[in-house]
Amino acid sequence: MKELLSNKYLTLLFRMILGVVFCYAAIDKIVHIDLFARAIYYYHILPGSLVNILAIFMPMVEMFAGICLIIGVWPRGAVTLINAMLVMFLIALTVVYARGVDINCGCFSLSSRAKGSAVTLIWRDILLLLMGLQIFFFGKDFLSIHKLQTK
Amino acid sequence: MKKLLKEIVIILAISLVAGILNNTFSHNSVEWIGSWPSFADSENDSTWDCLSCEPTDPPLLSLAEASALYQNPEIIFIDARYPDEYEAGHIKGAYLLSFDAEEEVFDSQWAAIKPLVDSSSQIVTYCSGADCESSLFLARYLRDDLGFKNVRIFFGGWRRWSKAGLPIEKGEE
């Protein structure tokens, strides 16, 4: 089991998946800061004064952490940030689900017809988090610029 | 550990600079510190605005307008919330069309409503209340994608309706 978990190709695959997912998810939010701020607001979780700050900066962290993970620059720092965000999303989605608020999740697309119930979103988040944990705990720096630097 | 912290700080610093630049030059920039209305006010029509509404959107109805329209049995009320919310209580006679649910769920609900309506039918959408937007998005979808001409939104939604003691029912359709 441990052998499988620390398989370098598995880490590489997870790095690519997480990296691409986070970059893809960030694009729409970076372009439409205003719509993303509104989506955050409708989660009913953050105080109004923090909504815009999160909307301005979080998509950038998503994108740069995603890029770092793909090309393998500072991969442990990147995956730590990504895991932290996934835990944050998990808490937010669970709170929303428990309260029964109907929201536009604002996860990937900010269009009004972005579908997916809270339960689906929570499972998807957990799946991504498991990949993130594998990279964090078992990740070897296979095929990363980071490894070339430190050699 | 120190190396890990350093990596995190570098990525955060790059994101900080990029975020500042993006919000400074973006066409869709926002105030640095937002002034969003408090949800505590959302029950009150006078202090609540539909934040996402555009001037071209289907018209919003007040509670008085919605309850007046409700007297006309030809006007169809559509609940845009999730099935479990609908089952817990909805406007009496309203149909369920869960706008944020999975495609299959939405499609099967729509199949049940479709034979009852035509493009000239008068439709009123609603969701939980002013703190949700699925009533607006559903109304846009009905008008713009499905071609219904008379779509209106009761933005006060389920909460205002049930608080006002207007007719409700529980369970499935």
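Values for this structure:
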{"quantity": "The lone exception for B:Y126 - which of (1) under 14 Å from B:I76 (Cα atoms); (2) touching a Lys or Arg at 6+ places or on another chain (Cβ under 6 Å) it fails", "calculated": "(2)"}
{"quantity": "Among (1) in contact with a Leu (Cβ under 7 Å, 6 or more places away or on another chain); (2) surrounded by fewer than 16 Cβ atoms within 10 Å (Cβ to Cβ), the one test that B:D79 misses", "calculated": "(2)"}
{"quantity": "Selected residue (criterion: surrounded by the fewest Cβ atoms within 10 Å (Cβ to Cβ)) from residues of segment B:82-94 that are touching a residue at least 12 places away in the same chain (Cβ under 8 Å) and within 11 Å of another protein chain (Cβ to nearest Cβ)", "calculated": "B:A88"}
{"quantity": "Segments classed as helices (runs of 4 or more DSSP H), wholly inside segment A:1-94, with at least 1 members that are more than 10 Å from every other protein chain (Cβ to nearest Cβ) and either touching a His at 6+ places or on another chain (Cβ under 7 Å) or modelled with pLDDT of 90 or more (or both)", "calculated": "A:8-31, A:48-71"}
{"quantity": "Pair list, Cβ under 8 Å, 6 or more apart: segment A:68-86 residue on the phi > 0 side of the Ramachandran plot, other residue in a loop (DSSP other than H, G, I, E, B)", "calculated": "A:G72/A:D141; A:G72/A:L143; A:G72/A:S144"}
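Conditions (1) in the same structural domain as B:S120 (by TED's automatic domain parsing); (2) part of a loop (DSSP other than H, G, I, E, B); (3) modelled with pLDDT of 90 or more, marked per residue:
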{"position": "B:I14", "(1), (2), (3)": "no, no, yes"}
{"position": "B:G19", "(1), (2), (3)": "no, no, yes"}
{"position": "B:N28", "(1), (2), (3)": "no, yes, no"}
{"position": "B:A68", "(1), (2), (3)": "yes, no, no"}
{"position": "B:P73", "(1), (2), (3)": "yes, yes, no"}
{"position": "B:S108", "(1), (2), (3)": "yes, no, yes"}
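Yes/no per residue for (1) under 18 Å from B:E172 (Cα atoms); (2) under 10 Å from the mean Cα position of the chain (by Cα):
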site: B:F106; (1), (2): yes, no
site: B:Q109; (1), (2): yes, no
site: B:L116; (1), (2): yes, no
site: B:G129; (1), (2): no, yes
site: B:R143; (1), (2): no, no
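The values are calculated or read from the model by the stated rules, or taken from the named source; none is laboratory data. As the structure is a computational prediction, the values presented were derived from the model and not from experiment. Note that we place each Cβ from the backbone using ideal geometry, even for glycine, and neighbour counts take in every protein chain shown.
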